[in-house]
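Working notes, structure below.
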Amino acid sequence: MISKMHPVANWVRLSPPEHRRALDKVLQFRDQAPDPMASGMPEAATQWFWVEELPRLMQRPEVRSQALEHLAQLSAKRQDLESQIRLLAGSLIEQQSEIDAEVALIEQAMQ
């Protein structure tokens, strides 16, 4: 079956008619937005997705499976970011310690 990504959450695959319905809803929120010059996803559409749309879609096993897959991807990405932060922070802490040591030596020499 051909599927399209949900206009709010591109990790949820929908059939073309479901995608059209969701896109129509997002466009409706866009048209109701108070700022006609605003760009990006309307805040109301995002709210609708998390409060109404996703809980409704989660009743379907295939969407639940997509959510579990997305959770695994998010978890892996989070772990990768945590490793990067640790590496970067560790390097910065080491640099800070070297600076502190040099400052202490200079201050000691000034006395």
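Read-outs throughout are calculated quantities, based only on the coordinates presented, and are distinct from any laboratory measurement. Small disclaimer: the values here were computed from a predicted structure and weren't measured. Please note: Cβ atoms are built from the backbone with ideal geometry, for glycine as well, and neighbour counts cover all protein chains shown.
Pairing the Cα long axis of helix 16-32 with the longest principal axis of the chain, what angle in degrees results, from 0 to 90 and rounded to the nearest 10?
With both axes taken from Cα atoms, the answer is about 70 degrees.
For Trp48, Trp11, which order do you get if you count the other beta carbons within 10 Å of each Cβ and list the fewest first?
Trp11, Trp48
Which translational diffusion coefficient, to the nearest whole µm²/s, is obtained for the chain from the Stokes-Einstein equation, given a Kirkwood hydrodynamic radius over C-alpha pairs, 10 °C and 1.306 mPa s?
Answer, rounded: 88 µm²/s.
Per the helix-only calculation at 222 nm, which mean residue ellipticity applies to the chain, given -39500 (n - 2.57) for every DSSP H run of n ≥ 4 and division by its residues, nearest 500 deg cm²/dmol?
Taking each H run of at least 4 residues, the total per residue is -23500 deg cm²/dmol.
Relative to the longest principal axis of the C-alpha atoms of the chain, give the angle of the C-alpha long axis of helix 61-110, reported between 0 and 90° and rounded to the nearest 10°.
Rounded to the nearest ten degrees, it is 20.
Below 8 Å between Cα atoms, with a sequence gap of 6+, how large is the relative contact order for the chain in percent?
18 percent
Taking the Cβ of each residue in Phe29, Phe49 as the centre, tally the other Cβ atoms inside 10 Å and list the residues starting with the fewest.
Taking fewest neighbouring Cβ atoms as first place, the list is Phe29, Phe49.
What residue among Ala67, Ala104, Leu87 has its Cα farthest toward the positive end of the dipole of the range 65-111, where the charges are +1 on Lys, Arg and -1 on Asp, Glu, each on the Cβ?
Farthest towards the positive end: Ala67.
What residues have an amide H closer than 5 Å to that of Leu14, excluding those fewer than 5 places away on the same chain, when H is modeled at 1.01 Å from N in the peptide plane?
Lys4, Met5, His6
Quick one: compute the contact order of the range 4-57, relative version, from alpha carbon pairs under 8 angstrom and 6+ residues apart, as a percent.
29 percent
In a solvent-free Debye calculation with one equal scatterer on each Cα, what is log10 I(q)/I(0) for the range 4-57 at q = 0.27 Å⁻¹, listed in the order of the q values?
-1.11
Can you sort Val63, Val26, Val103 so the residue with the fewest Cβ neighbours within 10 Å comes first?
Going from sparsest to densest Cβ surroundings: Val103, Val63, Val26.
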